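Taking it in order: structure first as structure tokens, then the write-up.
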Amino acid sequence: MFRTLEELEELLQNGKEAERQWVRDPELLAESKEFLRTVRAMIDREQRVIALDGLKLADSYWEANRDAREEDDEPCYLGTRVRIVKGTLHFEWFRNNARQYLGEGKPKQIFSTYLRKGRGSRYSDSHFQNEPKWARDQIGTVEDGYELLRKRATLLSAIKKNLRDYEKILAECFDDGPASPDSKREPSLQHEAESGGAAQAGGNAK
């Protein structure tokens with residue numbers, strides 16, 4: 001059973017030396033592992049919140065694209081998508097192309113070419129300079145939002161990396177892993193401390 005914040009705070013006070021002696025290493029390790037598990041779960045949740053925000057932006061672009069076709073405006077064959085691949089958030093643009101002839105009676109085949117974002121948090125305007133005005137305006141609005149979401153996702157990735165580093169130091173503190181030659185912890189506690197563990201996650205924003 002994990003201690004409450006108030007209970008932990010109480011143990012930090014002067015005069016609680018005797019009570020602190022009853023706190024064993026496996027308990028401290030379990031508390032820290034629960035911290036890692038909780039923060040990682042919160043990061044995964046926030047990553048999906050960011051993706052949801054991005055999909056709302058993508059939906060607005062596709063709606064404008066459909067409206068342009070229905071109103072016989074100049075077409076734009078650019079598309080956008082938001083996805084999570086192996087822990088990495090992607091906010092992407094692609095160009096749809098049709099192969100004109102595949103044989104008698106066969107429908108056109110559509111294939112997509114993804115645009116290169118390059119460095120930075122947004123796509124270069126040069127990718128879109130030849131598109132219709134309605135599309136440039138809509139893409140600019142979407143990219144304004146994507147840019148902020150990419151920055152948020154990048155910061156989340158930095159937190160993940162810090163958590164991995166923190167987990168390594170935690171293992172050294174409690175000898176929870178490969179034996180450390182200079183460990184000063186109680187050897188008999190190592191096996192007890194090895195139960196559980198947190199899954200690692202990585203990723204960045206594209």
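The values are calculated or read from the model by the stated rules, or taken from the named source; none is laboratory data. Remember, it's a predicted structure, so these values are computed and weren't measured experimentally. Cβ coordinates were reconstructed from backbone atoms using ideal geometry, including for glycine residues, and neighbour counts include every protein chain displayed.
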Picked from the range 72-94 (must be of a type in the set (D, E, K, R) and either modelled with pLDDT under 90 or surrounded by 15 or more Cβ atoms within 10 Å (Cβ to Cβ) (or both)), the residue nearest to residue 151 (Cα to Cα) is 92
Of the residues in the range 148-175 that are closer than 14 Å to residue 32 by Cβ and among the hydrophobic types (A, V, I, L, M, F, W, C), the one that is surrounded by the most Cβ atoms within 10 Å (Cβ to Cβ) is 174
Practice problem: Determine if the range 18-33 includes at least one residue that is modelled with pLDDT of 90 or more, of a type in the set (Lys, Arg) and farther than 29 Å from residue 167 by Cβ. | Solution: no
Here the residues within the range 1-36 that are among the basic types (Lys, Arg) and surrounded by fewer than 14 Cβ atoms within 10 Å (Cβ to Cβ) are 3, 16, 20, 24
Here the qualifying pairs (Cβ atoms under 6 Å; residues six or more apart or on different chains; first in the range 33-52 and over 15 Å from residue 170 (Cα atoms); second β-branched (Val, Ile, Thr)) come out as 51/82; 51/84
Subset of the range 2-33, residues on the phi < 0 side of the Ramachandran plot and assigned to a loop (DSSP other than H, G, I, E, B), comes to 2, 3, 4, 12, 13, 14, 16, 21, 22, 23, 24
Taking the criterion of being under 20 Å from residue 162 (Cα atoms), surrounded by 12 or more Cβ atoms within 10 Å (Cβ to Cβ), out of contact with any Lys or Arg (no Cβ under 9 Å at 6 or more places or on another chain) and not aromatic (Phe, Trp, Tyr), would at least one residue in the range 52-70 satisfy it? no
Per the filter on the range 53-85, residues within 12 Å of residue 206 (Cα to Cα) and either in contact with a strand residue (DSSP E or B) (Cβ under 8 Å, 6 or more places away or on another chain) or not in a strand (DSSP E or B) (or both) are 81, 82, 83, 84
